[in-house]
1. Sequence gap at least 6, Cα distance under 8 Å: using those rules, report the relative contact order of the range 123-259 to the nearest whole percent.
2. Could you compute the FRET efficiency for PHE227 and GLU334, with r as their C-beta to C-beta distance and R0 at 30 Å, rounded to 0.05?
3. What is the order of ASP69, ASP179, fewest Cβ neighbours within 10 Å to most?
4. Ranking ASP183, ASP192 by Cβ neighbours within 10 Å, fewest first, what do you get?
5. Simple spin-label model, 7 Å along Cα-to-Cβ: ALA66 to ARG316 in nm?
6. Which entries of LYS65/LYS172; LYS295/LYS323; LYS111/LYS139 have Cα-Cα distances beyond 22 Å here?
7. How far is it, in nm, from the label point at ALA168 to the one at LEU196 when both lie 7 Å from their Cα along the line to the Cβ?
8. Once phi is turned into ³J(HN,Hα) by the Karplus curve 6.51 cos²θ - 1.76 cosθ + 1.60 with θ = phi - 60°, what whole-Hz value does each residue of the range 136-148 show in order, with x for glycine and proline?
Amino acid sequence: MRRIPLLLAAVVAAMLHGRALAQQEFRLDDRDLWREQDAPPPGSPASIVRQARLVLAKGEAKRAKALMDAFLERFPADVLRPEALLVRGEARDTLDDEYGALFDYEEVARKYPYSSSFVPALEREYEIAMRYAAGLKRKFWGTFRIVSTEDDAQEILIRIQERLPGSALAEKAGMSLADFYYDRRDMDLAADAYDLFLQNYPRSNLADKARVRLIASYCSGYKGPQFDARGLAEAATKLREMQATEPQLAKQLGAEAILLRIYESEADKRLTTANWYWSIGDPISAEREIRAMVKKYPRSVATLQALRVIDQVLARLPESVRKTAPDYAGIRRELLAASERAQRLGPEAETRTESTEAEIIAPAAPEGQPKP
């Protein structure tokens, strides 16, 4: 009986080596000796896989891989093949051959989606993808790690979402993929990934993070008034949705200030377009852009800049077009008077209004006066 505490301690210590040993069950027999329950017959496929797991848990990855290599060659169609591939993949990964391990995990994922090894294989793939996303390179012909793995990381994270949709692992993969693009400043793909994440997991604990980064991706994707401004419009839409559904988060983000910047940026793009038309000798199109600015962005800095030089544009317009133009002089006087009143009364007198497109309208500090 004195042997029982010693044997119990040995069994507990052995079970701490890894998951494989944690699956073993021991009981006392009639002679008060510990016996493993449901142990597979020696030499059977199950006993070989079990042995490989045991030696892998003890840190003998090379031996575990050799056992599984022999098993897979000897029993190519055995029901335990998915588990054997999983064990060999884990052994390869332990031996610093994570790329080789991916081939074993991929075979499990593609050929045995209904096996108990399917989800663990995807979990191992996710772990490798995160290492690749963090900058780990692949070995070149088994030597130095110089091969880029960015494409591998993206492909793995996408496949996990396709193979296990709606799961916690797919949710993690979706956010990790979006963060991967965001960290590399690929804002178009980042915006698509965060938007897709919100569509698939609207109640996720990471939904607020996705909303904030989606808006940041749209705004960061705008490269200036000479380029496409669709990202700004998308950002403004998402900000207004956030103000309606998550007012506290919108306040923390500074949605009002961001909307103001978007408002001014969109107006500046219109002014840049008007300048371009003027530079190619097309005053009619230039005036059309200014007219749109006055209607859509009446209190922007760009509109004030355009109104200061509108007389030059009007002078080159045909009489028929000039007759249909708004009263630019009156609009200019009204805006300047409003600006002077605001300066006298201070920022408390400023009010925010919305145009028909529900855009936030507020003045901003001028950055210069381009001429058409």
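1. Numbers: 141 pairs, mean separation 18.1, N = 137.
Value for the range 123-259: 13 percent.
2. Numbers: r = 32 Å, r/R0 = 1.07.
Approximately 0.40, to the nearest 0.05.
3. Details: ASP69 14, ASP179 19.
Lowest to highest Cβ neighbour count: ASP69, ASP179.
4. Details: ASP183 11, ASP192 16.
Starting with the residue having the fewest Cβ neighbours, the order is ASP183, ASP192.
5. Placing both labels 7 Å beyond Cα along the Cβ direction yields 8.5 nm.
6. On the way: LYS65/LYS172 30 Å; LYS295/LYS323 17 Å; LYS111/LYS139 27 Å.
Check vs 22 Å cut-off fails for LYS65/LYS172; LYS111/LYS139.
7. So the label points at ALA168 and LEU196 sit 2.3 nm apart.
8. Each residue of the range 136-148 in turn: 5, 9, 8, 5, 9, 6, x, 10, 8, 7, 10, 8, 5 Hz.
Read the figures in this text as sums done on the coordinates, not as results from a lab. All values derive from a computational prediction rather than experimental measurement. So basically every Cβ, Gly included, is an ideal-geometry build from the backbone, and we count neighbours across all protein chains shown.
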